[in-house]
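The values are calculated or read from the model by the stated rules, or taken from the named source; none is laboratory data. Just so we're clear, the structure is a prediction, and the values are computed from it rather than from any experiment. Note: ideal-geometry Cβ built from the backbone for every residue, glycine included; neighbour counts use all protein chains shown.
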Amino acid sequence: MGPTLNGLVKLQSIENRLGAVKAKLTRYRRNVIIQENQLRSLQNALEAKKEEIQLTKLQSDRLELDLRSRDEEIAKYRASLNLAKTNKEYSAILTQMNTSKADNSKLENQVLDLMKDIEADETECAEIKSKIEEQKTKVENTRTQSQSAATKLEADIEEIQKEWDQAAKDISAEALNIFKRVAETYDGEALSTADEDENRGSYSCGGCFMNITAETVNLLMSKDDIIRCPNCARILILSTSSE
């Protein structure tokens with residue numbers, strides 16, 4: 001390979017290092033976001049549970065009010081029993097009172113069930129609050145670690161970028177523009193080797209694995225030009241074993 005392709009190979013090596021450090025920095029920052037999202041989910045769950053408790057309490061209060069109203073009704077029935085003039089009248093009032101008592105018993109059971117639900121939800125709230133405090137600590141620790149790592153990684157990126165800029169000076173503007181465009185398409189991987197299949201006596205692109213013509217390989221062997229894979233458009237270079 002001539003100076004153009006050798007320069008691109010060097011640039012690709014630096015690009016790979018740069019991409020690896022940037023990816024590591026992104027992972028550290030993403031970890032903070034993940035932990036913050038988990039904290040937010042717990043906080044939302046707590047608010048939802050509090051709202052559920054409030055609605056259950058309102059339902060319980062309505063039933064309690066209904067119970068008090070029925071208790072007053074039963075008290076009136078008792079008073080009416082003492083004023084009944086006939087057995088038939090007494091029996092009718094007693095039936096109504098017993099029906100109201102049975103209805104009250106059902107309401108009391110419903111209120112008890114609601115109170116159990118409230119108690120269980122309040123216990124769950126306490127557990128969520130505990131998890132929130134733990135998650136807050138985790139978020140702060142992750143953020144501190146991330147900030148510490150980010151400071152070093154950003155410094156590394158700055159140094160590697162200087163190497164990249166220096167290496168780019170040895171490459172023509174046209175070749176550099178092609179490299180940048182292809183690198184943007186393939187997450188920094190602008191170059192691909194022309195790999196030989198010794199059993200079949202043919203070559204293929206190491207990036208997309210599609211066949212490359214013998215004419216293309218001959219050009220790579222004889223010229224220092226940018227030759228791109230006709231399928232994926234990566235910049236082709238000869239593998240070490242092919243040189």
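One table, with the values for the structure above:
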item	result
Sole exception among (1) over 19 Å from residue 3 (Cβ atoms); (2) surrounded by 13 or more Cβ atoms within 10 Å (Cβ to Cβ); (3) in contact (Cβ under 8 Å) with a residue 40 or more places away in the chain for residue 231, by number	(3)
Restricting segment 74-96 to residues that are surrounded by 15 or more Cβ atoms within 10 Å (Cβ to Cβ) and either of a type in the set (Gly, Ala, Ser) or under 60 Å from the mean Cα position of the chain (by Cα) (or both), the residue that is nearest to residue 116 (Cα to Cα)	74
Pair list, Cβ under 8 Å, 6 or more apart: segment 182-194 residue on the phi > 0 side of the Ramachandran plot, other residue surrounded by 15 or more Cβ atoms within 10 Å (Cβ to Cβ)	187/19; 188/15; 188/18; 188/19
Hits in segment 207-216 (condition: under 22 Å from residue 186 (Cα atoms) and not aromatic (Phe, Trp, Tyr))	207, 208, 210, 211, 212, 216
Residue that is surrounded by the fewest Cβ atoms within 10 Å (Cβ to Cβ) [pool: residues in segment 97-110 that are closer than 21 Å to residue 75 by Cα and in contact (Cβ under 8 Å) with a residue 40 or more places away in the chain]	108
Residue that is surrounded by the most Cβ atoms within 10 Å (Cβ to Cβ), among those in segment 162-196 that are farther than 15 Å from residue 235 by Cα and of a type in the set (D, E, K, R)	196
Residue 60 vs. criteria of a type in the set (Gly, Ala, Ser), modelled with pLDDT under 90 and assigned to a helix (DSSP H, G or I)	no
Filter result for residue 47 (without any contact (Cβ under 8 Å) to a residue 60 or more places away in the chain, of a type outside the set (A, V, I, L, M, F, W, C) and within 30 Å of residue 139 (Cα to Cα))	yes
Subset of segment 197-211 [surrounded by 11 or more Cβ atoms within 10 Å (Cβ to Cβ) and either closer than 15 Å to residue 10 by Cα or more than 41 Å from the chain's Cα centre (by Cα) (or both)]	202, 203
Any hit, segment 36-58, residues being of a type outside the set (S, T, N, Q), assigned by TED's automatic domain parsing to the domain that holds residue 153 and over 38 Å from the mean Cα position of the chain (by Cα)	no
